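I have placed the structure first, in the form of structure tokens, so that the comments after it can refer back to it.
The values are calculated or read from the model by the stated rules, or taken from the named source; none is laboratory data. Remember, it's a predicted structure, so these values are computed and weren't measured experimentally. Note that we place each Cβ from the backbone using ideal geometry, even for glycine, and neighbour counts take in every protein chain shown.
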């Protein structure tokens, strides 16, 4: 599957578009659109892919997605199997030119304008009452008050010293109607099959490339090897299991696709800075893993 071009309805008639989704599971097709997007996860857990970055989301997380950056929020498998579970999010869609071509070049707003150049990297803001309050204030307003509160939200985000950028570089790959479909096909295949063994031969065939050509292609497009990308996704899913379920470390490892516990422990510590046992202790002590 490719990343679908997605049209945000009626944004031409509004400066910003507000959207609330409350359903069993989130829209799960890899897609992109011209508008910037700020999404707050109100309820639900799952995984995300934003550009070249993948990870997990929980209630209270906020994400900022740049223009034409392909992305998907995929609810956990349990949300597809249990219709009593609810995934709930709110999103704000806007364009840089929504307030006029020079608005964010004004002395009072140019600090926000500079921030727009960072959005293509993708931003994740962990659960924070202050940001949630500012975000929901936009939804609880109308007319000019809604715009003022939206600018307040952007101003607070701009002042935050602890934004988590999902890509280390600004040159994150964007999609367009004519862009190569291969990367999107690879992302979607991995999202659906990361729990199973994925051989280089198989994923190369998905991309319709030879194995050496695929390795070069993926590294050039994402700045990481395919198996580094796969392991990042698997470890993020393992963290979610260890955080939210009464499950052993070995069970978590096998559930996300590792068939060697020593290899799982090594990769987990390399990515998370602690081994799985220490990570689980943090859950007990803090009830929240940062």
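Of all residues in region 92-104, those satisfying the criterion of being surrounded by fewer than 19 Cβ atoms within 10 Å (Cβ to Cβ) and either within 15 Å of the chain's Cα centre (by Cα) or modelled with pLDDT of 85 or more (or both) are 95, 103.
When residue 146 is tested against (1) assigned by TED's automatic domain parsing to the domain that holds residue 73; (2) surrounded by fewer than 17 Cβ atoms within 10 Å (Cβ to Cβ); (3) at pLDDT 90 or above, only condition (2) is not met.
Take residue 230 and decide whether it is assigned to a helix (DSSP H, G or I), at pLDDT 90 or above and either surrounded by 16 or more Cβ atoms within 10 Å (Cβ to Cβ) or more than 24 Å from the chain's Cα centre (by Cα) (or both).
Working: assigned to a helix (DSSP H, G or I): yes; at pLDDT 90 or above: yes; either surrounded by 16 or more Cβ atoms within 10 Å (Cβ to Cβ) or more than 24 Å from the chain's Cα centre (by Cα) (or both): yes.
Judged against the criteria, residue 230 is a match.
Scanning region 118-132 for residues that are surrounded by 20 or more Cβ atoms within 10 Å (Cβ to Cβ) and either in contact with a strand residue (DSSP E or B) (Cβ under 7 Å, 6 or more places away or on another chain) or not assigned by TED's automatic domain parsing to the domain that holds residue 49 (or both) yields 119, 121, 122, 123, 125. For region 213-225, the criterion of being surrounded by 19 or more Cβ atoms within 10 Å (Cβ to Cβ) and modelled with pLDDT of 90 or more is satisfied by at least one residue.
Per-residue answers, yes or no, for (1) part of a helix (DSSP H, G or I); (2) closer than 14 Å to residue 49 by Cβ:
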residue: 189; (1), (2): yes, yes
residue: 197; (1), (2): no, no
residue: 201; (1), (2): yes, no
residue: 205; (1), (2): yes, no
residue: 208; (1), (2): no, no
residue: 212; (1), (2): yes, no
residue: 240; (1), (2): yes, no
residue: 247; (1), (2): no, no
